[in-house]
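*Asks:* To start, I am sharing the structure in question, which I have written as structure tokens.
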Amino acid sequence: GYTVLPQRSSHFVGSSVQHSTPTPTSTDKNMLTMKKGKSNLPPAMRSQYARAQEMETYRKQMIDSQTFKPTSQGGDGLPVFNLFVRTSLKNMWYPCGSFKGDERSAALCQSYASNGLLSGISKNQLDAGVGGSLFRDQAKLEETIVRGYPQLRKEKGKLEYGYRLSYEGLSEEQEKIQVVELKEQKGFLDGLKGVFGGN
């Protein structure tokens, strides 16, 4: 018998042997490792790099907050309350969720949109309802907000809240963000519980 050598798949070119199946070189492996590995920044520059990344994230959040498109009213005719929060500097609003109202809030929105005699009273009741509902879950709400916007953590307990109403028939002025005061009262937005929990 005889043994077949692996050079069967090779061919001679001059005095050298070239294999038809190329094998990965050590350079290729190194390149792959570098792509998958962590950045090779010197320790002194790592904190600067992390800070730069943090600033870039903050910049994107600022852009997002300025171009935020509120959730529109659903097909069921119920209003949607788009929540916002800002710091004591009052320089910009941060979107922090939205929730749907109930039939009572829809009736108030209808009255508010009609701009009739009771429009102002309806608006006050909407503000009070949102403020009362947020007051009940303020601690959980603020924890959720500072997780999403870490730069607001130092403002915890001093944040100012507002909402933008989405409901058919509202004027451009009525669709602007309305500032609300969080205080204990009977809120009509019972569905708010659980919206900010568990995330």
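*Asks:* Please determine, by comparing only the residues of the stretch 146-189 that are in contact with an Asp or Glu (Cβ under 7 Å, 6 or more places away or on another chain) and basic (Lys, Arg), which one is modelled with the lowest pLDDT.
*Replies:* Lys156
*Asks:* Contact list please: Cβ distance under 6 Å, first residue in the stretch 89-116 and within 18 Å of Gln174 (Cβ to Cβ) and touching a residue at least 12 places away in the same chain (Cβ under 8 Å), second residue open to solvent by 30 Å² or more (accessible area, probe 1.4 Å) and of a type in the set (D, E, K, R), pairs at least six apart or on different chains.
*Replies:* Correct list of pairs: Trp93/Arg86; Tyr112/Lys123.
*Asks:* Consider Asn199 against the criteria (1) among the polar types (S, T, N, Q); (2) surrounded by fewer than 16 Cβ atoms within 10 Å (Cβ to Cβ); (3) modelled with pLDDT of 90 or more: it satisfies all of them except one. Which criterion is unmet?
*Replies:* Among (1) among the polar types (S, T, N, Q); (2) surrounded by fewer than 16 Cβ atoms within 10 Å (Cβ to Cβ); (3) modelled with pLDDT of 90 or more, the lone unmet condition for Asn199 is (3).
*Asks:* Filter the stretch 79-101 for residues that are touching a Gly at 6+ places or on another chain (Cβ under 7 Å) and either of a type in the set (Gly, Ala, Ser) or assigned to a loop (DSSP other than H, G, I, E, B) (or both); which is surrounded by the most Cβ atoms within 10 Å (Cβ to Cβ)?
*Replies:* Residue satisfying both the conditions and the ranking: Pro79.
*Asks:* Also: Checking Glu168 against (1) closer than 23 Å to Asp76 by Cβ; (2) in contact with a Gly (Cβ under 6 Å, 6 or more places away or on another chain), which single condition isn't satisfied?
*Replies:* (2)
*Asks:* I need every pair where a residue in the stretch 126-151 that is closer than 21 Å to Gln178 by Cα has its Cβ under 9 Å from the Cβ of a residue that is assigned to a helix (DSSP H, G or I) and among the acidic types (Asp, Glu), sequence separation at least 6 or different chains.
*Replies:* Pairs found: Ser133/Asp190.
*Asks:* Moving to a separate point now. Could you tell me how many of the residues in the stretch 55-87 are at pLDDT 60 or above, touching a strand residue (DSSP E or B) at 6+ places or on another chain (Cβ under 7 Å) and either polar (S, T, N, Q) or over 24 Å from Gly131 (Cβ atoms) (or both)?
*Replies:* Of the residues in that region, 1 qualify.
*Asks:* Follow-up. Say we look at the stretch 110-124 and pick out the residues that are part of a helix (DSSP H, G or I) and open to solvent by less than 80 Å² (accessible area, probe 1.4 Å); which of these is nearest to Arg86 (Cα to Cα)?
*Replies:* Filtering the stretch 110-124 for residues that are part of a helix (DSSP H, G or I) and open to solvent by less than 80 Å² (accessible area, probe 1.4 Å), the one nearest to Arg86 (Cα to Cα) comes out as Lys123.
The values are calculated or read from the model by the stated rules, or taken from the named source; none is laboratory data. Predicted, not measured: the structure shown is a model, and the values here were computed from it. Cβ coordinates were reconstructed from backbone atoms using ideal geometry, including for glycine residues, and neighbour counts include every protein chain displayed. The protein model used for the area step is the full one, side chains on, heavy atoms only, and it has no ligands, DNA or RNA in it. Shrake-Rupley method; radii C 1.70, N 1.55, O 1.52, S 1.80 Å.
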